[in-house]
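Readers should treat all values here as calculations from the given coordinates under stated rules, not as data from a laboratory. Worth saying up front: this structure is predicted, and the values here are computed from it rather than measured. Cβ placement follows ideal geometry from the backbone for every residue including glycine, while neighbour counts extend to all protein chains displayed.
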Amino acid sequence: MTNDDNAPQFVPRLIVDDGDAAVEFYRSVFAVTESELNRYEDGRIANVELSTGNGHFAVTSSIAEVNPSPLSLGGSPVVITIEHPNPDAVASAFVDAGGEILIPIEDRPYGRRDGRLRDPFGHLWIPGRPL
């Protein structure tokens, strides 16, 4: 991977029904730090940047007409992969914080230890590492 200032930078934006609860969930699971917090006039999160390690993502509160949440759509077709040295610890933190395990963390025949999780906001995650 190269560091090219002219290369595009992708920042996933997770749409959630309750932005404040989502920030607390991601803080407890990933130990994220937050920056660039902006709120709508009604107090909901319009945008907050969350960082952990060398990655970051954003969270935005749902507005049904323009930003529907996965829960309002019946689920998410997107899965976020997390490279982590201890995917079992990530899964445990997810469950402790209110998420659920969809596919248990196990050694896979394709050379990874991983599984699939769903956070309380409908987003899907695969924490894993190479074997």
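Points to keep in mind about this one:
- Loop-located GluC sites (Glu not before Pro) in the stretch 43-131, at most 15 other Cβ atoms within 10 Å (DSSP): 65
- Table column - 3J(HN,Hα) (Hz), the stretch 12-27, Karplus curve with 6.51, -1.76, 1.60, x for Gly and Pro: x, 10, 8, 8, 9, 6, 9, x, 5, 5, 5, 4, 5, 4, 5, 5
- Over the chain, dividing the summed -39,500 (n - 2.57) contributions of all DSSP H runs of at least 4 residues by the number of residues returns a 222 nm mean residue ellipticity of -5500 deg cm²/dmol.
- Karplus 3J(HN,Hα) series, Hz, for the stretch 59-70 with 6.51 cos²θ - 1.76 cosθ + 1.60 (x for Gly, Pro): 10, 9, 6, 5, 10, 3, 6, 10, 9, x, 7, x
- Scanning residues 5 or more positions from residue 32 or on other chains, those with amide H under 5 Å from its amide H are 27, with H placed 1.01 Å from N in the peptide plane.
- Dimensions of the chain based on its C-alpha atoms, expressed as ranges along the principal axes with the largest first, amount to 49, 37, 24 Å.
- log10 of Debye I(q)/I(0), alpha-carbon scatterers only, for the stretch 20-87 at 0.13, 0.21 Å⁻¹: -0.43, -1.04
- Simple point charges give the picture: +1 on the Cβ of Lys and Arg, -1 on the Cβ of Asp and Glu, and for the stretch 13-130 a dipole about the Cα centre of about 440 debye.
- Legend: calculated FRET efficiency, residue 7 to residue 56, from the Cβ-Cβ distance at R0 = 25 Å, rounded to 0.05, equals 0.95.
- Sites counted here are chymotrypsin sites (Phe, Trp or Tyr not before Pro) in a DSSP loop (not H, G, I, E or B) having no more than 11 other Cβ atoms within 10 Å; the longest part of the chain that contains none of them is 11-109.
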